[in-house]
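The values are calculated or read from the model by the stated rules, or taken from the named source; none is laboratory data. Quick caveat, the model's predicted, so the values are computed rather than measured. Quick reminder, even Gly has a Cβ in these numbers, built from the backbone with ideal geometry, and neighbours come from all protein chains shown. Areas reflect the complete protein model, heavy atoms only, side chains present, ligands, DNA and RNA absent. Shrake-Rupley method; radii C 1.70, N 1.55, O 1.52, S 1.80 Å.
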Amino acid sequence: MRVKAQMTMVMNLDKCIGCHTCSVTCKQVWTNREGVEYAWFNNVETRPGVGYPRGYEDQNKWKGGWNLTASGGLQLAAGGRLTKAAKIFGSPDTPEIADYYEPWTYEYDKLLSSPLGQLTPVARPTSLITGEDTKITWGAAWDDNLGGSASTMANDPILKSMSTHVRAEFESAFMFYLPRICEHCLNPACVASCPSGAMYKREEDGIVLVDQDRCRGWRLCVAGCPYKKIYFNHASGKAEKCTLCFPRIEAGQPTVCSETCTGRLRYLGLVFYDADRVSQAAAVKKTDLYQAQRDLFLDPNDPEVVAAARRDGIPQDWIDAAQKSPVWRLISEYEVALPLHPEFRTVPMVWYIPPLSPMVDVVAQSGSDGEDGKTLFAAISQMRIPLEYLAGLFTAGDTRPVEKSLRRLAAMRSGMREVALGNEMPAEIPAAVGMTDTQLVAMHRLLGIAKQAERYVIPPSHAESAQGRDYECPVPDGMMPGRATAGPVPVTVGRKPE
Amino acid sequence: MNTAVSLGATDYLLWVALPYVAFVSLIVGTILRFRKNPYGVSTRSSISLEKKLLGIGAPLFHIGLACVLAGHVVGLLIPESWTSAFGITEEAYHLGAMVMGMGAAVIMVVGLVILVIRRVGNVAVWQSTTTMDKVMYVILLVVLAAGIFATLKTQVFGGSGYNYRETISPWLRSLFYFQPQPELMATVPTTFKVHITVVMVLFVLWPLTRLVHAMALPLSYLVRPYEVYRSADRGVGARAVRPGWGATRFSRNVKPEGLVTPHTKDQ
């Protein structure tokens, strides 16, 4: 066992209202620059829908992620090292900007500079790629709220794998939002694809980054990532990606997308995992991938794990943080969070709580009590189509973990309603989903009312072991410059202490 | 070989000075570019702007170029006496070099033509083209045209062909021995001279153009482990530690103390 810590995110899709605030704030911070106008390190997709870039989940087309070889090993889906190297000149699996969308601006100046006239001045769209007039035909979230989905939804790679009959029924019944960032995978295909060795996974917190000084623009990482979360900056000729806002994480602050999420649906915390078993867990059979990945995670409260973590150099405050990690609880204790597309075999580390609300809505629309436990349980097991769709997203097609998660969310809903009405929680509700009433109450607190300190348990990075940070506190002993006595010093990141 | 040819200043300039300037520029310039501006070293690929033509043109050009380069290495660096020792006659060598060389040249030219058409014809690609790119393209085309013209004129339609392995090749090797023999170049046909001179100019400009990406050929990819881990400790990719109030490189008589932790200094 080799214990490693991974900064991990969970998103509760039940609470996502699709407002795109995460996308916009992320863009303002990270991709508000020439060359990455089209790039959204964080984007929000309406599902069912084609996603961004269009149809990225179809790995028959894009060849991202890993495949299982005949001998049971892992190989990049685009081919072995030699095949991959042979693709260096033409890189046929790399998407074009047109696959995302052609970014544009408007001639705002025309509104102000136009002379007085009969006609209202118009700000025409201008392409940010060519600088010429353009016609807007696609965007980063073009099928937002199923807008125009009648003509595009059939291209949803998950729906494509389901039957036509299923599709028609689905369209009228079920819709939810899927915010996506880089998965910061344990077995990243982008890192494995990078010819220069410029991409790397940080040993301390598992954040996957591109060394901009070493990137040579071979753009094979863009093709290698099955989530298409590496973006090629066409101005600088370098690959760029979500950094999990590492300067903030190192300072103990949540990512920008988490901080600004209006629905407060994001959770950040550490997960300990066994680094020795990662490639093994990524190479099991498709339907076992979810379970295998969860088995990789180590219980931070287990004394053996704690001892091993200490042995492997994980500082005590990080162990404490892992024990308080909301992410660990949602993934492994309550088992409500699921990975996105485990079948890509990259062992993704941004997990999702599947949305129950659309099902509740359907029950309520049919005139039944959408908060009643029994009705909900029955509805969940009957609504095969949403279940299958969610399983296509989160568990490589196995509906059982999805159903378990949704049943637990339903139990929490109906059980807590009783509590809110001043009644005892009926014993059969938690029992029906294999939980205790204390657990249900604690889960409700975490999902419903937890404040920032509970949702984001982020231990600051250790300056004493990280000589490379340019914003580390310059007074490590609590010594103030020009002050003789030792004592705690208030530290403001990046500013000289007064 | 007539060694009694009188050499002018131009000969020394073109066949001694220019080659050394070119090699030094190529080597030192490349090292400086990688050291001083590693962020600037990139293929600057425009694949995200246009993929179809690039997907055909780029592999053709690069593979053709690799073959052409290999041919040049054999023709220029391996002495004629070595191939003769293997029983390869000058006629056989000439025929083989001509057929394979022209084959490689055709592949490369087709690729380059596709790439140039794409670069000029596609608005987005053209707009991402820098002045240096344009200079590079022109020189590259001249090198290619001169090389092919020289080969066609002397080798293909020139009867028995010109044996450059008795003049150009030993001249080039003499440069590497630091005993330059410019007199060897005196009788070389003008077409070859033009080709060589423009190549030298290309070498001078090489480190300043996107061609530096050739020096970043990632051969280690074939042998390194798939996954790369790096510790933030080592600060790889991060700037050196420098607090905002620390000494800058413009400060006088002040060592950048930010690099030393205060307690190690004080105690």
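Observations on the structure shown:
- Residue satisfying condition, being away from chain B (no Cβ under 14 Å), among the aliphatic types (A, V, I, L, M) and either within 30 Å of B:N122 (Cα to Cα) or not in a strand (DSSP E or B) (or both), within set A:V36, A:V24, A:V10, A:V44: A:V24
- Candidate set from region B:129-163 (those that are of a type in the set (S, T, Y) and open to solvent by 50 Å² or more (accessible area, probe 1.4 Å)); member that is nearest to B:G40 (Cα to Cα): B:T130
- For region A:124-166, a residue qualifies if it is among the acidic types (D, E) and within 24 Å of the chain's Cα centre (by Cα), and the qualifying residues are A:D143, A:D144, A:D156.
- Condition check for A:W66: within 11 Å of chain B (Cβ to nearest Cβ) and either closer than 23 Å to A:L390 by Cα or at pLDDT below 95 (or both): yes
- Of all the listed residues (A:T137, A:T164), the sole one being surrounded by fewer than 11 Cβ atoms within 10 Å (Cβ to Cβ) and at pLDDT 90 or above is A:T137.
- Spans of helices (runs of 4 or more DSSP H) in region A:247-348 with at least 3 residues more than 26 Å from A:D14 (Cβ to Cβ): A:278-281, A:303-311, A:316-323
- All told, B:V228 meets the bar of being in contact with a Gly (Cβ under 6 Å, 6 or more places away or on another chain) and within 14 Å of another protein chain (Cβ to nearest Cβ).
- Consider region A:64-101 and keep the residues that are part of a helix (DSSP H, G or I) and surrounded by 21 or more Cβ atoms within 10 Å (Cβ to Cβ). The one that is nearest to the chain's Cα centre (by Cα) is A:Y100.
- Among residues of region A:241-253 being out of contact with any helix residue (DSSP H, G or I) (no Cβ under 6 Å at 6 or more places or on another chain) and crowded, with 21+ Cβ neighbours inside 10 Å, the one that is nearest to the other protein chains (Cβ to nearest Cβ) is A:E250.
- Any hit, region A:254-275, residues being surrounded by fewer than 18 Cβ atoms within 10 Å (Cβ to Cβ), in contact with a strand residue (DSSP E or B) (Cβ under 8 Å, 6 or more places away or on another chain) and within 11 Å of chain B (Cβ to nearest Cβ): no
- Cross-chain or 6+ apart pairs with Cβ under 6 Å, region B:170-183 first and without any contact (Cβ under 8 Å) to a residue 40 or more places away in the chain, then among the aromatic types (F, W, Y) and open to solvent by less than 30 Å² (accessible area, probe 1.4 Å): B:Q181/B:W171
- Selected residue (criterion: farthest from B:A150 (Cα to Cα)) from residues of region B:176-209 that are of a type in the set (S, T, N, Q), touching a helix residue (DSSP H, G or I) at 6+ places or on another chain (Cβ under 8 Å) and in a helix (DSSP H, G or I): B:T197
- Condition met for A:E388 (open to solvent by 10 Å² or more (accessible area, probe 1.4 Å), part of a helix (DSSP H, G or I) and under 25 Å from A:Q293 (Cα atoms)): yes
- Every test in (1) of a type in the set (A, V, I, L, M); (2) within 28 Å of A:T436 (Cβ to Cβ); (3) in contact with a Lys or Arg (Cβ under 9 Å, 6 or more places away or on another chain) is passed by A:V363 save one, and that test is (3).
- Flag if B:G64 is away from every other protein chain (no Cβ under 14 Å), out of contact with any strand residue (DSSP E or B) (no Cβ under 6 Å at 6 or more places or on another chain) and open to solvent by less than 70 Å² (accessible area, probe 1.4 Å): no
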